[in-house]
Each structure stands twice: as structure tokens, then as C-alpha cells.
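Written below as C-alpha cells is the structure these notes are about.
Each value in this text was obtained by applying a stated rule to the coordinates, not by laboratory testing. Since this is a predicted model, take the numbers as computed values, not measurements. Positions of Cβ are backbone-derived with ideal geometry, glycine not excepted, and every protein chain shown enters the neighbour counts.
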Amino acid sequence: MKNIFINSSAKIIDAMKLLAITSSRCLIVVGKKRYFLGTLNDGDIRRGILKGMSSKSPIKNLYQRKPVVMFEKNFSLNLAKSLMRKSLLPIIPVLNSKKLVINYLTWNNIFGDEKQNNSLKNLNFVIMAGGKGTRLAPFTKVLPKPLLPINDKPVIQHIIERFLNYGAKQFFISVNYKSLLLKSFFNELSPTYKLKLLKETEPLGTVGGLHLHKKKLMKNDIFLSNCDILINANFAEMYNFHQKNKSDLTVIVSTKNYEIPYGICNITKNGKLKKIVEKPKSKYFVNTGLYIMKPKILNLIPKNRLFHMNQLIELAIKKKYSVSVYPIRDKDWVDIGEPSTYRLMNK
């Protein structure tokens, strides 16, 4: 149990380290003798990071002080299951009459191997796989990028299997370049899930071709993914964030830290040196290539015109749609679109 607890005086970096080694993705914040104070999860930390807090900031302004708990005297396993299913709770602390934590419940110890996140089963999952993959040439001279193997399995199969773990049943794949090879692969695979290839007669950019098929996608919210990314994060938590924020479009981003390996000179307008900053570091939020959107966003895509995802995002912002960002850790995202990264993944 010790890895699940964190003191209220701890820093964000301490919480991140604990979350990296616990499977619950949530910590219990305690005082002396495990006196219950609240809970802290990935989402709380993300909100702090988006507000500009650093890894050395204390968690005292982040953790939830009134989460769902159960008391020993009124404990019911059936009620705990109901609460977890209804709100997709990662953890429920169990307290005694003095508010000391005597136990806690997680999905694994309540449901075992039962899937946690079937809440995504009615959504549409779209994978954009029509590009030529020029960055990965000469590999893509032979195979389309989605079929490039990683550990003896095509990258697109890795992407689909990650979504299947959350109850996904309906997939749409936009295709153009070497589409017959993709079609042959899935025909031979004979998947148990529903699959529809969305054919582009001519290249229309990353999302331009979706205009031709938007009627098929208008009933449910959409997860939209590039075909050259692998993300190891909780998709149900992403969707829950998307819904709670009443977003029309959510962009999944990753934190990237860059260090300039030189001393940077700050100078005045007259060319006088003010100071030298050695190896400055900057933090950025990088677009991972995964999105969640309401179907109405597809109405912004023009007909029969080259149109890319960045243009769709910019137009959504211009039209005053609600556009949010959901940050994940850098190590939870891999872009295999670069030859060096692709080779590294196969090692």
C-alpha cells in the first residue's frame, strides 16, 4: 500500500515519480498517521502544468479535497462497484471514523481482469492513413506507412489494439497511397471489430477527405489519430476530460523540454551585453497527432479541397468553437514518422 500514499507537503515531481510506479494512476494524500486529506491524479497534475506550475511546486494547491470516499461502518462492495462504474473512478479510499485511511479500492482489486473503460464502445475511431510517408522513405517506397512493422506487427495494428482495450468497436481508416495493400492486409486479418476504409480518389491533406464521408461519422464523438504515433495513456480519462470541459475539439499534447547547449547572450538595443544565460531550458506543448472531436467539427472541412488538421484547428478557434488541450507525459508518446525513431522502436 505504501506506494499509493503521498504527504501533503510533497512536490509535483514527487507525485509524478509515484504515479509512474503505481498502476492506479491516482494517489491518496495524507497527513500524520495516514489522516485522509484528499486524492491526486494525472488530471490534477496536468491542470497545474497548464497553469504554469513547475515540477517543484507543492501539491497542496492541486489535490482534490472532496473526492468520493467510503467509511468502514457503511462499506458495501456493491456500492463501491456502482460508484466506480458510474464515475470511472480510479480509486476509492476507505476511512475509519477518525478519517484515517485503513484501505483503498482500485479497479484491479474490485473487477480483476474486467475491462475498466467500455464507456468508449460507442465512439468512432478514425485513423488518417492516406499519406505517402515521405519522411520514412525508402521504407515507404515498398509499404504504406501504416503497414510498417514494429516487433513483427504493423503500426496501425498497434494503434487499433490500444483502442480495443477501451471497448472500441467501430474504426474508419482514410486511405489513398498504396490503399490496395492496406485493403489486402485487413481482408487477410479478418478482424472481429467493424472496419471501413474511407477511400480518397486524390490526396486531400490529412483531413480533407473526411468531408466525403462525414455522414458516416455524424452520430458519435470521434477519436482521430495519425497513423504514425503510439500513445500509452488512458484514453477514457482523455474522453472524460473532453466531456467535462464541454469541448468541441480536444488536442492531445505532450510536454517537451528543450535545452540550448550554448550560452545565450542578452543584449540591449545599442548592442551592449546585458548578461549571458548558460544553456537555457524551455518547455513546450507539442501536438501528438491524436484528437477528440464532436461530429459537428467535420462541417468545417471544405469540399474537394486540400485541407490539413492544423487548418481545421485554426478554423475551429476562429469560429469560436471550444478547443482544449490535454497534456500527456513525453514518455507516453512516440512519433515513428522519423527514420531514427522507427529504427529505435524496432530495437
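Observations
- Sequence-distant residues sharing a close amide H with ASP221 (under 5 Å, placed H): ASN124
- More than 20 angstrom apart: percent of Cα pairs within region 2-111: 38 percent
- In region 291-332, lysine pairs closer than 27 Å at Cα, eight or more apart or cross-chain: 10
- Reachable aspartates and glutamates, given that their alpha-carbon falls under 15 Å from the alpha-carbon of LYS11 and they are not under 8 places away in the same chain: ASP42, ASP44
- Note on region 3-52: the C-alpha convex hull projects to 3.4 nm² when averaged across all orientations.
- Neighbour-limited loop hits for trypsin sites (Lys or Arg not before Pro), region 203-308 (at most 14 other Cβ within 10 Å; DSSP other than H, G, I, E, B): LYS219, LYS246, LYS269, LYS272, LYS303, ARG305
- With loop membership from DSSP and a limit of 16 other Cβ atoms within 10 Å, the longest segment of the chain without chymotrypsin sites (Phe, Trp or Tyr not before Pro) is 76-192.
- Each Lys and Arg contributes +1 and each Asp and Glu -1, all at the Cβ; summed about the Cα centre of region 196-330, the dipole is approximately 560 debye.
- Ordering CYS227, CYS26 from the fewest to the most neighbouring beta carbons within 10 Å gives CYS26, CYS227.
- Relative contact order (percent, whole number), region 118-346, Cα cutoff 8 Å, 6+ residue spacing: 25 percent
- Dipole of region 1-49, positive direction: furthest Cα of LEU19, GLY31, GLY43, with charges on the beta-carbon: GLY31
- Among ASN257, ASN299, ASN176, the residue with the largest mean-square fluctuation in a Gaussian network model of the chain, with springs joining Cα atoms closer than 10 Å, is ASN257.
- Take every DSSP beta bridge whose two residues both sit in the chain; close to 60 percent of them are antiparallel.
- A viscosity of 1.002 mPa s and a temperature of 20 °C, combined with the Kirkwood radius over Cα pairs in Stokes-Einstein, give a translational diffusion coefficient for region 269-324 of 141 µm²/s.
- In Å, descending, principal axis extents of the Cα set of region 118-346: 67, 41, 36
- The calculated Kirkwood hydrodynamic radius for region 229-276 is 15.2 Å, given to one decimal from all distinct C-alpha pairs.
- log10 of Debye I(q)/I(0), alpha-carbon scatterers only, for region 188-323 at 0.13, 0.14, 0.19, 0.22 Å⁻¹: -0.72, -0.79, -1.18, -1.45
- Value at 222 nm in deg cm²/dmol, rounded to 500, when DSSP H runs of n ≥ 4 in the chain each add -39,500 (n - 2.57): -7000 deg cm²/dmol
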